[in-house]
1. Among B:GLY130, B:GLY113, B:GLY54, which one shows the biggest mean-square fluctuation in a GNM of chain B, springs joining Cα atoms closer than 10 Å?
2. About the Cα centre of chain A, how large is the charge dipole given +1 on each Lys and Arg Cβ and -1 on each Asp and Glu Cβ? Please answer in debye to the nearest 20.
3. Taking the full set of protein chains and a 1.4 angstrom probe, give the accessible area of A:ARG150 in square angstrom, rounded to the nearest 10.
4. What's the angle, to the nearest 10 degrees (0 to 90), between helix A:137-151's Cα axis and the longest principal axis of chain A?
5. Counting just the Cα atoms, what span does the stretch B:42-112 cover along each of its three principal axes? Round to the nearest Å and put the largest first.
6. As a test question: what accessible area, to the nearest 10 Å², does A:PHE246 have when a 1.4 Å probe is rolled over all protein chains in place?
7. Based on Cβ point charges of +1 for Lys and Arg and -1 for Asp and Glu, what charge dipole magnitude is obtained for the protein assembly as shown about its Cα centre, in debye rounded to the nearest 20?
8. Kindly work out what percent of the DSSP beta bridges joining two residues of the protein assembly as shown are antiparallel, to the nearest 5.
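The values are calculated or read from the model by the stated rules, or taken from the named source; none is laboratory data. Only a predicted model underlies this, so the values are computations on that prediction, with no experimental measurement involved. In this analysis, Cβ positions are derived from the backbone assuming ideal geometry, glycine residues included, and neighbour counts consider all displayed protein chains. To get the accessible areas, we keep the full protein, side chains included, count just its heavy atoms, and leave off ligands, DNA and RNA. Shrake-Rupley method; radii C 1.70, N 1.55, O 1.52, S 1.80 Å.
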Amino acid sequence: MPIEVLMPALSPTMEKGNLAKWLKKEGDAVKSGDVIAEIETDKATMEVEAVDEGTLGQILVPEGTADVAVNTPIATILTDGESSSSTKNTKSAKSAPPAKKSETPEPKSASAPAAPAQQSMSDPDLSAGTEMVTMTMREALRDAMAEEMRRDETVFVMGEEVAEYQGAYKVTQGLLQEFGPKRVIDTPITEHGFAGLGVGAALGGLKPIVEFMTFNFAMQAIDQIVNSAAKTLYMSGGQMGCSIVFRGPNGPAARVGAQHSQDYSAWYSHIPGLKVIAPSTAADAKGLLKAAIRDPNPIIFLENEILYGQSFPVPKLDDFVLPIGKARVARAGSHVTIIAWSMGMTYALKAAEELAKEGIEAEVIDLRTLKPMDSDTFIASVRKTGRAVTVEEGWQQNGVGAEIAARIMEQAFDYLDAPVARVSGKEVPMPYAANLEKLALPSVAEVVEAAKSVCYR
Amino acid sequence: MALAKTNAKANAETPAKIPDFSKEQDLASYRDMLLIRRFEEKAGQMYGMGLIGGFCHLYIGQEAVVVGMQMALKKGDQVITGYRDHGHMLACGMDPKGVMAELTGRRGGYSKGKGGSMHMFSVETGFYGGHGIVGAQVPLGTGLAFTNTYRGNKNVCLTYFGDGAANQGQVYEAFNMAELWKLPVVYVIENNRYAMGTSITRASAQVDLSRRGLSFNIQGEQVDGMDVRAVKAAGEKAVTWCREGNGPYILEMMTYRYRGHSMSDPAKYRTREEVEDVRAHHDPIEQVRHRILEKKFTNEDQLKKIDAEVRERVNQASEFATHDPEPDASELWTDVVR
Ligand SMILES: Cc1ncc(C[n+]2csc(CCOP(=O)(O)OP(=O)(O)O)c2C)c(N)n1
Ligand SMILES: [Mg+2]
C-alpha cells in the first residue's frame, strides 16, 4: 500500500501554500532526507524532504498549483515491502482524499476555569507572657538565616561580600564564622551568573539564599529569576520546582542617585510563580524570612536599607515563623484605610498619628507579602471605612497601588465613599540633589493630604 | 576529523587514536542514534500535519554527540541543555511516548502538556531540561554541578549549548565560577556551524570554541562530533577529569544539523551541497552502520530488524501522542506554585 506524502505545515501559522516545483519524477527512487518538492509559503520557499524510503509513486498535486491546503495528500511513495506494522499510521486507502483534519481535539469550552481561591491563614498566637526582645531589622534577618541554616543542611547563602566582608550592609554578619565557607559563599560580581547558578542548585535540590547587594543589580539577573526560577515548576508539569530565596535591599536609598534607587515591588509581583515579600518590621522580617527559606517556591524578599538599622520588638521564641500571604493590621481605625508595605509603612504610620490629631482614625494595613496579595484583609477594612489610600515608593504607572485600587474597585465598589487615592514616588529617575530627592519620594504630608481628601476634609 | 578541520585553528593537541567499539557498543550506539533520527523525522512529519505547534528544533545530524556522551556517564550524573533537546532526552532514557506527547501538548507528556518541545524535565533520568533562553542553561548546569560538590558526591553535570550560545555573557560568568570553585561540569559545545541563520564565522571573533575557557584556565578540545567513538572517548576523559575534582572541562563537538534551525526555517544561508556533503561523507549513523557490516558484527537483515523495531517504537510514540487527550482545563491553574 502506498504511503501518502501530505502538504506540510511549515510554520506555526501556515494553512495553505503553493506547490512550486517537483524535484523528483514519478518512478524516481527516494530515500529519507531527499528533497522531493519545493513549496512557497507566505514567508519563504521551503523544501519538502521525504521521510520514507521507496519509489515516488504518483504525483497527486501538479507543480504550479496554488493554495494547497495543509495536510492534502500531494504524492504517494511506494515502499519496498517493509513490514506493514511500521508504516500503517501513514497509509491510507484512498488515493486523493481532501485535506485531513488535524486530530487535535477541539477544546470543550473557550473560557478559562476560575482561579483557585486563596486559602486563609493567620499569624501564630503569641501567648500573653511571650517575651519580646528589641533588635534591629538587620539582626532579625541574620538570625532568621542562622536559625534556618542550623535546622537544614541544604540551606546556604551566596552573594557578593556576604562572607569575609560580613555583608555589604552587614546582614550576613557572623554567618561565615558559624557555618564556614562551604555554606557562606562570596561570589564574584556576576549577578546573572550566580543567580543562574543558584537556580541550578535549587533545581538540584539545595535551598540557596541568594543575596543581591541591592536589587538594582538584580536587573542583570532578572532573566534567570523570571524565566528559570519562576516558570520551571509550571513548565515541568509540577515535576521540578525551585526552592530559592533572592534577598537584599530594595527601594530608594539615600542620596545615591537614579541607578541605585528604585523600588522593584511591582516588577516581581507581576510574575506568576514568584512569591514576593516586603516586611516593614524586624518581627515580620524574621518570621517571614524563615518561612521564605522553608517555602518550596522561588521567593523575592525585598528588604530596605533605611530600615536595616531600626529597632523593633521581636518575640523571643525558638521558632517564630509567619505565614506568607497574610497582611497585618498595624493600626486599627474606622475612617480611612491606608495600605502600605516596607518603607511605605513609615510614612503611613506617621501620617496616621498626624491624622488622629485632627480626629481622623486611619486603619493602617501592612501588606507584608505582595504576592500572593492578601486582598481579604484590606477589602474588609475598606468595606468598613469606605475610603482607601495606597502608599508606595515605586512609580505610579502599573504600580502595586494601581493593583490594590483595582481590587478595591472590583470587590468593594459599593462601599466606597471616594475614589481610591495613590501616594507614590514621582515618575522621574531618582535625582541626586537633596531637595529634589525629597520631592521625588512620597512624604508623610502627602499621605495626610490624600487621606483627608478621600474623607472630604 | 574532516569536520574539525573546517575550523580555522584546530586544537594544538593532536587527538589520540580513537579506540574501536566492541560489537555491543557499535550495535547499541547504532540503535540509540537511529531512535533519535526516526523520532525526529516523525516529529517533523507530525509538525507538518499540524499536530505539533510552535517551535520544533530537530536534532537530525547531531545524534552521535548525545549518544557518545551518554556512554561516558553513570547513574546520578546530570544532563541539561537548550531547546534542541529531543535527542538528549531520548539518550537519557526518557520514554519516547512521553516526549512525543509533550510535543503534541497532551496530558501524557513529560510536563503534562504544559512545557512543550523546549521545556521538559525528568529528575529520575537526570535530565534537567529543556531551556528556551539561549545560554541560560549554562549557569543552571553549573549550579547542578555545585550541588554535587556541596553534597560531596562524585557526580558530574553535562551542560550542553550551541555555537551561538557560546557568545552569551552568562556563559563566561559560569565558566569563571566553575573553575574558581572547581565544579564538576563538562561544557559540551555543540558546534553545528550555525546559530539560526548566522554561521559561526559571522558571529564569533574566536571560532575555535574549545579555547573559549582558556582565560579561565579551563582546558578544552575539539572533537569529531560525527564519530560516536570519538565522542565517547573524549567524554570519558572529560568526565573523569571532573570526577577527580579537577574542575570543569570543555568539549567542542564539531557537528552539523541537517534540517533547518526550526521547522519554519528555509535554510537559505547555506548550500544544498554543503548539507549533502556532510550527509554523504560524515553521517554519524551511516558510519556505524558501515563499520558494523564491515566487521561482520551482524548482517543487513539484522540491521533491518533493528530498524523495524526502532520504527515501531517511534510509531507507538506518535500513536500515543496523537490520541492522548489534551490536559484537563483545570490544569491551567496547577503547578504555578506549590
Ligand atoms: C536569549 C535568547 N536570544 C535569542 C533567542 C532566539 N534563538 C533561539 S535559538 C537561536 C540560535 C542559537 O544557536 P546555537 O546556540 O548555535 O544552537 P543551535 O540552534 O545551533 O542548536 C536564537 C537566536 C533565544 N531563544 N534566547
Ligand atoms: Mg548552532
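1. B:GLY54
2. Values: 44 positive and 60 negative charges, 163 e Å.
Value, rounded to 20: 780 debye.
3. Near enough 140 Å² of accessible area.
4. It is inclined by approximately 60 degrees.
5. Principal axes ranked by extent give 37, 26, 17 Å for the Cα atoms.
6. Near enough 0 Å² of accessible area.
7. Numbers: 86 positive and 103 negative charges, 101 e Å.
Magnitude of the dipole: close to 480 debye.
8. On the way: 35 of 88 bridges.
Approximately 40 percent, going by the DSSP bridge assignments.
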